[in-house]
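Reading through the structure tokens given below for one structure.
The values are calculated or read from the model by the stated rules, or taken from the named source; none is laboratory data. Please read these numbers as outputs of a predicted model, since none were measured by experiment. Glycine also receives a Cβ, built like all others from the backbone with ideal geometry; neighbour counts cover every protein chain displayed. Calculation scope for accessible area: heavy atoms of the full protein, side chains included, ligands and nucleic acids excluded. Shrake-Rupley method; radii C 1.70, N 1.55, O 1.52, S 1.80 Å.
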Amino acid sequence: MKMYRFRRGYQYGCRLRVSGVLFLVLILHCFRVNSILAQTVDQTSLHQQIQNLIEAMTRTQTQLEQSQHQLDEMRQQLTALQGQIANSGSSTSPPSSARPQEAPSVAPATTAEAIEDIRERQAMQASQIATHEQTKVESESKFPVKITGLLLLNAFVNTSAVDVAATPTLAIPGGGSTGASVRQTVLGFDARGPHLFGARSYADLRVDFDGSSQSDSQVAGYSGYYSASSMILRLRTAHAFLEWDRTKAYFSLDRPIFSPDVPTSLTAVSVPPLAWSGNLWTWNPQAGVTQDLRLAGSRSLQLEAALVDVSDAPLTPSISPSMTASQASIANSAEQSRWPGVETHIALLGSDEQASSFGAGGYFAPHRSALGHSFDSWAGTLDSRLALSTHFQLTASAYRGMALGGLGGGAYKDFAYRADPESGVYYIRPLDDVGGWVQLKEKFSEQIQVNQAFGLDNVFAGELRRYTVPGGSMYMNLARNRTYTSNIIYSPSAYLLFSLEYRHLTSSPVTGLPAESNVIGLGAGYKF
């Protein structure tokens, strides 16, 4: 009863205070009106002053009503929020009689995989957030630079002899080998630059540690970008871009634009998988433009054209015994023609990288050998990537051309040659070539994938047979090179990779029996 009287008295006091405040406000307004009337009695009529006062009070009343309406809305929102909190607290432990029928104790595998994927993404995001808190690499231009890479360990077993034990692409007669290497480790630099002509600018660079002395290389005298340098560090690829919304201009050191796809492997990195077995891959200087045209739906048409400086094939400089490697490296046969190569590619792309796509390309480059012979290198290509289902993807690429040794085809050579024993005159024959590769990828989950691929490079044996060199190297007489590979890649996290791979190489000379070798490889990598 005392509390009730106290509250009642308190409310009554509050009303008296409000009434007193309103009374004071009214007195102040009256004083103000009297002052105004006293000052303007000679200029304005009393009726006009009263009208102004009424309008001012009306505006004040409107503002007070709006404020009261806002306070009511805030009070309702607060009440609703308190109710939600109370309901969520009570729903965490409902009585057993009100609980629905419990789900089976064993959750579906897809749900467990989804939960694991969410956890992995959260860990990755946490790592990225922590990275932002660290000290960044600073460039002289003050624009951001990021260091990336793949620290890679490879162990290998070759049942028969191969051209390079750690990175085999060709089988040769002889005994096998076993070993391990970390020289396929890749180091990368990504940089963003200023805006120019309304375009974003960025660049990247990749190097590895698979260089070696040319005297140790079985592909001696090769002056192209496939050759090993005299140092361990080797330049792989480089790009510099100006990118608008649908247009991109660039110069780069990379694979040809008409061969955009790459088979998947963790044991063939310094030399890409299926190299010299249907995969045109060699890294050459290029400068080009890409234009995207939006089509109906989510598809787009990509048009690309570039100029390219194609290096010589591995055996081209050794055509003249009197020519040293240093002399041959001054200018390759494409540069001696004084005209750059031209390459184009057109592709129908899907909404993302996982969607199906189809492409066609072309290439032409004039050449002039060190002996004064002129010939042309050309190719027509087709490529496709088909999303067969959620877990299966089929990728394929094919080509038909001539003198493709500088691009990673043609059985390591652009042309065959022989010397007339009487006159000493050299005769050369540019070699027609056909090849390609196909890969089936199956992704069981985000962590496990299986890849099976086959590649073939084949020069026309009828053209090569007339230029057979008795007792010559496997490269000079090689007519066909085939590789079958199968691997499983396990990625328990976003930064760890493990792989087991099997390869079978079959290298067939134009005369004699083919050489074969089985290659078993293990890979373990850490991405950073």
| note | In this structure, the FRET efficiency calculated for S473 and R299 from their beta-carbon separation, with R0 = 51 Å, to the nearest 0.05, is 0.60
| field | Table column - 3J(HN,Hα) (Hz), segment 356-362, Karplus curve with 6.51, -1.76, 1.60, x for Gly and Pro | value | 5, 8, 9, x, 9, x, x
| request: Determine ³J(HN,Hα), in whole Hz, for all residues of segment 510-521 in sequence, where each value follows from phi through the Karplus function 6.51 cos²θ - 1.76 cosθ + 1.60 and θ = phi - 60°; x replaces Gly and Pro. | output: 5, 10, x, 7, x, 9, 10, 7, 9, 10, 10, x
| task | Show D432, D245 ordered by accessible area, largest first, where the area counts protein heavy atoms only and the probe is 1.4 Å. | result | D245, D432
| Solvent-accessible surface ranking, highest first, for F364, F251, F460, F156 at 1.4 angstrom | F251, F364, F460, F156
| Got a number for the accessible area of L235? Probe 1.4 Å, square angstrom, nearest 10. | 80
| Per residue accessible area of segment 410-528, 1.4 Å probe, in Å² | 45
| note | Normalised Cα Rg of segment 405-506, dividing by 2.2 N^0.38 Å with N its residue count, works out at 1.55
| request: Pull out the extension gain between D117 and A199, defined as 0.36 nm times the separation in residues minus the alpha carbon to alpha carbon distance; nm, one decimal. | output: 26.0 nm
| said: Leaving ligands and nucleic acids out of the surface, order K146, K527 by accessible area at 1.4 Å, largest first. | reply: K146, K527
| remark: Given 188-199, 70-81, 483-494, the highest-first ranking by average Cβ count within 10 Å works out to 483-494, 188-199, 70-81
| Cβ-Cβ FRET estimate between L53 and I85, R0 fixed at 35 Å, reported to 0.05 | 0.10
| message | Give me the one-decimal nm value for the distance between modelled label points at D245 and A355, 7 Å along each residue's Cα-to-Cβ direction. | response | 1.8
| Accessible area of E353, 1.4 Å probe, to the nearest 10 Å²? | 150
| request: Would you mind telling me the share, in percent, of accessible area of segment 446-528 contributed by carbon and sulfur at probe 1.4 angstrom? | output: 63
| query | Is there a pair in K441/K527; K142/K443; K248/K441; K248/K527 whose C-alpha atoms are over 32 Å apart, and which pairs would that be? | reply | K142/K443
